[in-house]
Every structure is written in structure tokens, then in C-alpha cells.
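The values are calculated or read from the model by the stated rules, or taken from the named source; none is laboratory data. Computed from a predicted structure; not experimentally measured. Neighbour counts are summed over all protein chains in view; Cβ atoms, including those assigned to glycine, are modelled from backbone coordinates with ideal geometry. SASA here: full protein model, heavy atoms, side chains in, ligands and nucleic acids out. Shrake-Rupley method; radii C 1.70, N 1.55, O 1.52, S 1.80 Å.
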Amino acid sequence: MSFPTTITRFAPSPTGRLHVGNIRTALVCWLAARAAGGKFMLRIDDTDAARSTEDFVEAIRADLGWLGLVPDGEVRQSDRFALYEAAFETLHAAGRVYPCYESEEELSVKRRIARGRGLPPIYDRAALKLTAEERQAFEAAGTAPHWRFRLDAASIEWPDLIRGPQKFDGALISDPVIRRADGSWLYLLPSVIDDIDMTVSHVVRGEDHVSNTAVQLQMFEALGAPAPAFAHMALLVGADGKLSKREGAIGVGAIRDEGVEPQALLALLARIGTSDPVMPVADGADLVTGFAFGHMGRAPARFDPAELAQINARTLHLLPFAAVRDRLPAEIDEATWLAIRPNLNTIFDASPMLATIEGPIASPGFDADDKAFSAQAAETAETLDWSEAPWAALTAALKGTTGRKGKALFLPLRLALTGQDHGPEMAALLPLIGRERAVARLRAAAG
């Protein structure tokens with residue numbers, strides 16, 4: 001069954017800060033919704049009251065806002081317990097959930113015995129064989145049950161949007177626990193109930209959830225609801241084969257604090273693991289055009305912080321002054337930004353670059369020939385018309401009077417005027433330095 005509107009949902013648990021793996025999932029959900037003109041929803045999975053905090057809820061919202069992945073609506077699982085109870089009672093009446101009384105130690109022994117016999121370590125459904133009197137005895141002894149969903153022993157198949165046709169044998173899957181003995185909910189059933197209630201059309205998540213999907217498809221069917229389409233993404237890996245904190249599995253807040261532009265992070269996460277090249281964008285919305293699940297591969301997607309740094313620099317070089325003005329020192333105007341922008345790796349490099357313009361700068365320590373050249377350059381600079389292209393005028397005049405050209409001409413001038421042997425284009429930089437500072441620096445270099 002097709003849904004009338006494309007609706008995706010990002011469902012983080014507020015038990016920690018978002019990391020790049022979370023953001024990749026949120027981004028693909030957002031792209032899929034925007035590409036289809038649909039809705040991108042945020043679902044806060046806060047059923048784990050002991051570990052969920054409001055600080056993390058606010059951090060999730062802040063990180064999504066910084067990235068421009070603004071949801072079209074938000075729900076919280078902690079507000080929806082009545083909905084879960086109603087669905088649970090429906091399944092109970094239909095015989096699709098049942099109480100179990102084994103302890104974790106007893107279950108562990110059962111699994112160990114099954115493996116020893118060469119059998120799959122699935123639950124043996126012993127609880128279904130209990131009589132009413134036996135169940136009453138457990139409860140009279142104070143043993144509260146946990147609850148399992150009873151799977152049909154049938155083939156479970158679906159066309160995954162990324163992985164292609166998927167097939168599981170229901171007889172080889174253990175009936176999943178859906179509710180703990182204390183009454184709290186595990187992930188599987190509430191997620192299905194939410195997807196039904198929110199009319200979610202596409203569920204996007206990591207490939208480590210594939211077996212969960214097999215189970216949940218039967219839950220959709222048991223509740224008489226159409227299942228959404230599923231897309232299971234290959235997991236992110238680092239250079240050593242797994243994503244360690246050193247290689248980027250860190251909070252988005254930390255990435256932001258390192259000076260990474262949100263557009264750069266989005267550009268990288270949108271394209272790694274796909275058939276599309278990673279390209280910088282000035283706006284995350286530019287990534288929507290051409291999005292397709294079919295472009296996403298099944299091989300692990302490699303996240304490389306060095307590649308993020310490169311794409312960040314390229315992204316920064318695209319940004320107009322209006323996009324960065326609020327994060328720059330007040331002394332940097334649009335002309336200065338355009339001059340220094342091509343040489344920045346992060347926005348934090350702008351302030352040191354400003355020192356190149358306003359000084360003071362380091363003395364180049366010239367030999368006698370270059371000191372004499374600097375003195376001549378100072379005299380020439382004083383006589384120039386600075387209203388238009390002073391760098392071109394200065395170098396042309398000095399080339400004619402000194403015979404210098406190429407590196408012998410340009411490098412001493414750059415060193416004398418900026419204190420560095422590389423940096424922004426001098427044609428853009430020299431007007432910002434200005435006549436007075438330029439002449440003073442040339443004279444200082446001349447000794």
C-alpha cells in the first residue's frame with residue numbers, strides 16, 4: 001500500500017548527544033521528505049525514564065536546528081503511554097502477546113543449551129504451556145511477567161529501498177520481549193504504534209535494525225495497519241574499520257566547536273556511501289535535488305575527519321559575507337571577507353588573518369639586496385594612485401625599474417607586506433592594508 005504523503009521520522013533517545021551516525025540518519029530522513037514534498041518528524045524516544053534527560057532533549061533540538069534539519073512536528077513517547085496500552089490490549093485479546101516468567105539467568109541457560117545442541121538460541125515458548133494455575137502461582141510468589149510478541153512461523157519478506165529484497169523465516173526468530181516486568185516498554189512495539197499513528201511512510205535506519213524490521217512487519221499486520229517502506233543504511237566506519245570517538249563518533253556539539261560549518265557536515269554525510277560525489281554546498285537545501293535511495297550503496301560508508309576538514313574549507317570558500325557576518329570580528333567587512341575567504345580552513349582562521357591586514361607583522365629579515373628592493377618599493381608605493389588596482393601598479397612599476405620578475409619580484413613584496421610567504425591574493429589584500437601601512441611595512445623591511 002502506498003501512503004498519500006511521504007512522512008519520515010527521526011527517533012533519537014535523549015540519553016546522550018547526537019553523533020555523526022545519528023545525524024546521517026536524520027539527514028537522509030529529511031532529504032527523503034523534502035525531495036517528495038512531504039514531512040520530516042522528530043520523535044523523542046524517552047521511554048527510558050532513568051537515562052533520558054531534558055538537557056539531552058534540548059541538545060537534540062539545538063543540533064538539528066544548527067544543521068537546518070528543522071522538523072515539521074515533534075512527538076514524545078512519554079506522552080503516548082495510553083496509546084501503547086490500547087494497542088497492547090488489542091494484541092493481548094488476539095493472542096499475539098503473552099506473559100513469561102523466566103529470569104534472565106534461566107533464559108541464558110536455555111540459550112546455552114540450544115547452542116550446545118546446534119539449535120538456534122530462540123525462546124522455546126515454554127510460557128505458552130503454563131496453566132492458569134501455574135501463572136497464578138508465579139504472581140502469588142511476587143514474580144511479575146515480562147511480555148513477548150508471538151510471531152507467526154511464516155516467511156517475512158519486503159523490498160528494502162537500499163538493500164533490495166529481504167527474507168526472514170519467522171520460525172527461526174525468537175518471540176521478542178516487548179514489555180519488561182516493571183511495565184516499561186522496549187523499543188519494538190511502541191515504535192510500530194507510533195509509525196501507525198503518525199502515518200509514517202518511510203522508516204530510515206541503520207542496517208543493524210534489519211532483523212527488527214522482520215519482527216515489526218508482523219506487528220503492523222497484527223494491528224491491521226499497512227507497513228511503511230524501509231530503508232536500511234550501511235553503517236559508518238572509520239579508517240580502522242570501526243568508527244571510534246577519535247575518528248568522529250563524537251557529539252555534533254564538539255564538531256561545531258571545532259569550526260565545522262553545518263553545510264560541510266551535511267554535504268559529507270549526504271554523499272558518503274553513495275554513487276554521488278561529495279561536493280561542497282552553500283545551503284543544505286541544495287542536497288535535496290537528485291536525492292534517491294537507489295544511489296545509496298550496501299558497502300560500509302567511510303567517515304574520514306580529514307575529508308570533513310577538506311570539505312569544510314571548500315564550503316567556507318563558497319559562503320557569502322551575510323552567512324558569516326555574525327560570527328566574524330566586527331573589523332571584518334565584506335571586502336575583507338572576500339579577500340581572506342579563499343585561505344580559510346575554518347571560521348576561526350579569520351581573526352589571525354585580520355592581523356595580516358592590521359598588523360603588527362613579523363619582520364622578514366631580508367638580505368642587503370632585498371632590503372634595497374624594499375626601500376625602492378616603499379618609494380614607489382608612496383607615489384601610486386591607490387584608487388584602483390595598487391598591486392598591479394606596484395609590481396608593474398618595480399618590474400620596470402628593477403628588472404625583477406616572477407618569484408624574485410613577488411615573494412619579497414609579500415613577505416614585506418604581510419610577514420608571510422603565502423596567503424590571500426595580494427591584489428585583494430593590498431587595498432585593505434592601505435597606503436600608509438604598506439609604505440611603513442616596506443620601509444621596516446628595508447631596515
Which listed residue (PHE88, PRO71, LEU107) has the Cα farthest towards the positive end of the charge dipole for the stretch 70-113, taking +1 on Lys and Arg C-beta and -1 on Asp and Glu C-beta about the Cα centre? LEU107
Inter-centroid distance (Cα atoms) of the stretch 278-300 relative to the stretch 1-50, Å: 17
Could you check the simple spin-label distance between ASP349 and ALA292, using points 7 Å along Cα→Cβ, in nm with one decimal? 3.6
Two pseudo-spin positions, 7 Å from Cα along C-beta at LYS167 and at ALA285, lie apart in nanometres by 4.5
Global geometry of the stretch 385-447, whether rounded, prolate or oblate, following the gyration tensor of its Cα atoms and the 1.5 cut on a/c: rounded
Given 11 as the ceiling on other Cβ atoms within 10 Å, longest exposed-site-free region of the chain for GluC sites (Glu not before Pro) in DSSP loops: 1-330
Kindly express, to the nearest 10 degrees and within the range 0 to 90, the angle between helix 407-418's C-alpha long axis and the longest C-alpha principal axis of the chain. 70
Counting only pairs 8 or more places apart or on different chains, how many lysine pairs in the chain have C-alpha atoms closer than 17 Å? 5
GNM flexibility winner over the chain from PRO226, PRO320, PRO120 (Cα, springs under 10 Å): PRO120
Can you tell me the order of 393-405, 180-192 when each peptide is scored by its average per-residue count of other Cβ atoms within 10 angstrom, highest first? 180-192, 393-405
Can you tell me the accessible area per residue over the chain, all protein chains present, probe 1.4 angstrom, in square angstrom? 47
Between THR383 and ALA428, what length in nm is gained on full extension when 0.36 nm per residue of separation is reduced by their alpha carbon distance? 14.2 nm
FRET efficiency for GLU258 and GLU133 from the Cβ-Cβ distance with R0 = 51 Å, rounded to 0.05, comes out at 0.20
Could you give the dipole magnitude of the stretch 359-447 about its Cα centre, charging the beta-carbon of Lys and Arg +1 and that of Asp and Glu -1, in debye to the nearest 20? 120
Determine the share of the stretch 89-206's accessible area contributed by carbon and sulfur atoms, expressed in whole percent, with a 1.4 angstrom probe. 55
Quote the FRET efficiency, to the nearest 0.05, computed for ALA362 versus ASP276 with a Förster distance R0 of 41 Å and r equal to the Cβ-Cβ distance. 0.40
Taking the chain as a Gaussian network, Cα atoms linked when under 10 Å apart, which of ALA141, ALA82, ALA416 shows the biggest mean-square fluctuation? ALA141
Packing rank of 288-298, 29-39, 91-101, where each peptide gets the mean count of other beta carbons within 10 Å, highest leading: 29-39, 91-101, 288-298
